[in-house]
1. I'd like the residue in the range 256-276 that is crowded, with 17+ Cβ neighbours inside 10 Å and in contact with a Leu (Cβ under 7 Å, 6 or more places away or on another chain) and, out of all such residues, is nearest to Gly65 (Cα to Cα).
2. Taking interchain pairs and intrachain pairs at least six residues apart, which have beta carbon atoms under 8 angstrom, with the first residue in the range 366-386 and free of Cβ contacts under 8 Å to residues at least 12 places away in the same chain and the second surrounded by 15 or more Cβ atoms within 10 Å (Cβ to Cβ) and not hydroxyl-bearing (Ser, Thr, Tyr)?
3. Looking only at residues in the range 441-460 that are touching a Phe, Trp or Tyr at 6+ places or on another chain (Cβ under 9 Å) and closer than 22 Å to Thr240 by Cα, which one is surrounded by the fewest Cβ atoms within 10 Å (Cβ to Cβ)?
4. Limited to the range 150-204, what total is found for residues that are surrounded by fewer than 24 Cβ atoms within 10 Å (Cβ to Cβ), in contact with a Gly (Cβ under 8 Å, 6 or more places away or on another chain) and not hydrophobic (A, V, I, L, M, F, W, C)?
5. Mind listing whichever residues of the range 84-136 are under 27 Å from Pro272 (Cα atoms), among the hydrophobic types (A, V, I, L, M, F, W, C) and buried (at least 24 other Cβ atoms within 10 Å of the Cβ)?
6. Among the candidates Ala109, Ala51, which residue alone is part of a helix (DSSP H, G or I) and modelled with pLDDT of 85 or more?
7. Out of the residues in the range 309-329 that are β-branched (Val, Ile, Thr) and closer than 16 Å to Thr46 by Cα, which is surrounded by the most Cβ atoms within 10 Å (Cβ to Cβ)?
8. So Pro348 passes all but one of these: (1) crowded, with 24+ Cβ neighbours inside 10 Å; (2) within 18 Å of the chain's Cα centre (by Cα). Which condition number does it fail?
Amino acid sequence: MSSTQASARLDADQTGSTAATQQVRHRWWVLAVIGLAQLMVVLDATIVNIALPSAQGALHFNDDGRQWIVTAYSLAFGSLLLLGGRLADLIGRKTTFIIGIVGFAFASALGGAATSFAMLVTARTIQGLFGALLAPTALSLLTTTFTESKERARAFGVFGAIAGSGAAIGLMLGGVLTEYLDWRWTLYVNVVIAVLALVGVILVVPRSAPAARPRLDVPGVLLVSAGLFCIVVGFANAETHPWSGWMVWGFLAAGAVILTAFFVWEGHAQHPLLPLNVLADRNRGAAFSTIFIASAGMFGVFLFLTYYLQATLGYSPVKNGLAFLPMVGTLMVTSQLTTNVLVPKIGPKVVAPVGLLLAAVGMAWLTRLNLESTYAAHVLPPLLAIGAGLGLAMPTAMSRATLGVRMSDQGVASATVNTSQQIGGAISTALLNSLANSTVAAYVAQHLSDPLVQADAALHGYRTAFWWAAGFYAAGTVVTALLFRRKGAGTAVVTAAAASPGARLAPST
């Protein structure tokens with residue numbers, strides 16, 4: 001890049017950033033709109049799952065089709081997130097936000113009205129596409145709307161609580177809608193949420209256009225989309241194929257090679273899709289790691305505890321969803337305490353590792369569940385521990401993941417957060433399912449004389465998943481304790497970024 005181009009880009013960034021950092025009117029209403037949109041996206045990771053048996057009966061598809069209802073959304077969402085984040089930077093966040101909301105609502109209505117399996121899969125794919133536009137835009141809007149430290153802490157506490165509890169809320173809402181209305185309402189409900197969010201964004205979100213519009217990094221888009229697509233497909237295939245099969249390792253190996261080529265290209269691109277300095281900062285690296293690990297572990301509690309509550313304790317879908325409410329409430333309360341009190345006083349280096357450690361304890365606690373366990377004595381206490389742990393870790397990481405990133409890269413930095421969540425969930429779902437299934441098969445083969453062999457085998461599978469999820473959180477405790485900087489370290493860097501938002505930040509060590 002020539003010195004003239006660099007100077008022009010710096011001036012443009014500073015001009016756009018100055019406007020962006022002014023206090024936004026009605027910013028708490030903006031937070032409500034952002035929260036609605038984020039809730040809509042995270043709900044769809046789980047809300048449809050409970051409705052799958054009903055949808056299967058109505059549309060007459062086989063058991064293999066169930067996976068594609070989930071995978072179609074994940075593939076489009078996971079592979080296009082970075083493109084969605086960069087488009088928010090290039091064409092303006094309000095415009096991108098509106099397009100994402102309208103597109104997501106259209107896809108949800110199409111899915112709710114589906115008359116065939118193909119129509120439902122197509123709708124879920126379109127949902128993922130517009131979700132990839134909506135999710136990073138929501139987080140980047142939050143980052144650019146709340147620039148004062150105390151208000152930013154409160155806002156990220158709310159946002160982190162939504163991100164951390166959305167999957168549990170999806171299970172609860174999916175159960176209620178399926179049991180009392182119809183499975184189609186697990187999709188139609190998005191239209192209701194989208195209408196409210198759309199009215200809000202039109203009324204309260206200020207329009208802003210980027211001062212400079214660098215060219216889109218098309219090779220970068222193609223490389224990262226193809227790489228993430230292969231990674232998600234590989235882990236999705238691991239749920240139905242052996243890990244030694246080429247449908248698993250072939251896609252995973254191809255994804256690794258393509259993503260390596262992407263990072264090499266980004267180091268030389270004139271207008272990189274993902275500037276490598278976004279990843280190079282130590283605090284941001286710790287934040288992305290926390291989000292990845294927290295998302296991976298979360299699926300252990302949501303997926304396998306749901307199996308336990310329904311198959312072992314005989315809970316209905318509605319009762320199953322309500323069982324997660326105390327965890328959601330604990331997470332929300334802890335999130336506010338974390339961002340408003342704990343992180344400002346003692347810093348992320350203590351808060352995030354303690355949160356992951358508490359979540360690890362909760363997951364290990366769940367391994368003690370058996371056929372005679374009760375909810376109040378054996379399920380509720382570990383759920384509260386996990387909720388408190390995620391309430392400490394997730395908002396801390398969310399707020400640090402975009403701190404210090406220049407305004408023109410906020411969209412793509414936010415997309416990296418969402419990509420960490422998506423890939424963490426994909427890896428966890430495939431790995432834990434595979435490990436649990438192999439444990440069940442081995443137990444059945446060794447205990448054929450056990451009259452309760454199927455129930456006991458299922459318990460062994462759940463325990464295996466819980467232990468591995470606890471291991472994820474324990475590893476995250478060590479990683480975040482090592483990576484996060486001490487309170488006050490790097491303050492000068494962040495201050496400099498606020499004073500000159502167009503400047504590139506040097507990697508911190």
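1. Across the range 256-276, the extreme among qualifying residues is Ile258.
2. Final answer for the pair search is Arg368/His378; His378/Leu369.
3. Checked the range 441-460; the qualifying residue surrounded by the fewest Cβ atoms within 10 Å (Cβ to Cβ) is His460.
4. Qualifying residue count for the region: 2.
5. Leu87, Ala88, Phe97, Ile101, Phe130, Ala132, Leu133, Leu134, Ala135
6. Testing whether each residue is part of a helix (DSSP H, G or I) and modelled with pLDDT of 85 or more leaves just Ala109.
7. Filtering the range 309-329 for residues that are β-branched (Val, Ile, Thr) and closer than 16 Å to Thr46 by Cα, the one surrounded by the most Cβ atoms within 10 Å (Cβ to Cβ) comes out as Val328.
8. (2)
The values are calculated or read from the model by the stated rules, or taken from the named source; none is laboratory data. A quick note: this is a predicted structure, and the numbers were derived from the prediction, not measured. Glycine also receives a Cβ, built like all others from the backbone with ideal geometry; neighbour counts cover every protein chain displayed.
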